[in-house]
Amino acid sequence: MKKVTAIYPGSFDPPTNGHLDLIERGSLIFDELRVAILRNSEKQPLFSLGERKNMLEELTAPFKNVSVDTFEGLTVDFAVKVKAKAILRGIRAISDYEYELQMALMNRKLHPELETVFMMPAEQYSYLSSRLVREVAQLGGSIAGLVPELVEERVRGKLDPAVKLQNARQSKAGKR
Ligand code: PNS
């Protein structure tokens, strides 16, 4: 049997429990899964590419067939470079479908031999996105349970000092 490699591309700024859930599911069905972090997806990311790579490497260490790469340019070109046969993407809700369908069909047009495989994360993560995690953290809300603990700590380290002070006051007052 031929070995099937898939890539799991994304911005991962920051990685969430939803991403981890999908990585675990992907690692169970593909022989090799390469998490692929896109360079320059946001003009001002919360985490640098290196920081995201470090976090994902730590988080995926238990999965022996998962590795972490960075890439720039077209996802399909990266997939071809690493001899992947599939692109793994998560679909959380019907609202994701249109954008994901568009991307999958464009990627198929660019490289017909590559398949996009959609998987659904566990339902408790169906509302979760990196953008919302960043927003909630920046506005002083708790992101516990939404991201792995090491990500939570590092997000905390990135916050504006005023937000940190407000968070500390709230936890002292027992509000968080
Ligand atoms: O985590 P995201 O931001 O939803 O990931 C989007 C990503 C990185 C998969 C997408 O923007 C992408 O593939 N970008 C690379 C450029 C590319 O190939 N564009 C054409 C895709 S149809």
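Just a few scattered comments:
- Distant-in-sequence amide H partners of TYR8 (H built 1.01 Å from N, under 5 Å): ARG34, VAL35, ALA36, LEU88
- Region 1-74 versus region 125-146: alpha-carbon centroid distance in Å: 19 Å
- Principal axis dimensions, largest first and in whole angstrom, of the chain by Cα: 59, 33, 31
- Ordered from largest to smallest accessible area (heavy atoms of protein chains, 1.4 Å probe), the residues TYR99, TYR125 come out as TYR99, TYR125.
- Local electrostatic count, PRO14, Cβ distance below 10 Å [Lys/Arg +1, Asp/Glu -1]: +1
- Magnitude of the charge dipole for the chain, about its Cα centre and with charges confined to Cβ atoms of Lys, Arg (+1) and Asp, Glu (-1), is about 320 debye.
- Dipole-positive endmost among ILE94, LEU38, GLY26 within the chain (Cβ charges, Cα centre): LEU38
- Just the protein heavy atoms count here, and of the accessible area of region 7-98 at 1.4 Å, carbon and sulfur take up 48 percent.
- With a Cα cut-off of under 14 Å and a minimum spacing of 8 residues unless on different chains, the lysine pairs in the chain number 5.
- The chain, accessible area per residue, ligands and nucleic acids excluded (1.4 Å, Å²): 59 Å²
- Cα pair distances exceeding 13 angstrom across region 25-101, given as percent: 72 percent
The values are calculated or read from the model by the stated rules, or taken from the named source; none is laboratory data. Quick caveat: nothing in here was measured; it's all calculated off a predicted structure. In this analysis, Cβ positions are derived from the backbone assuming ideal geometry, glycine residues included, and neighbour counts consider all displayed protein chains. What goes into the accessible areas is simple: the full protein's heavy atoms, side chains included, and nothing from ligands, DNA or RNA. Shrake-Rupley method; radii C 1.70, N 1.55, O 1.52, S 1.80 Å.
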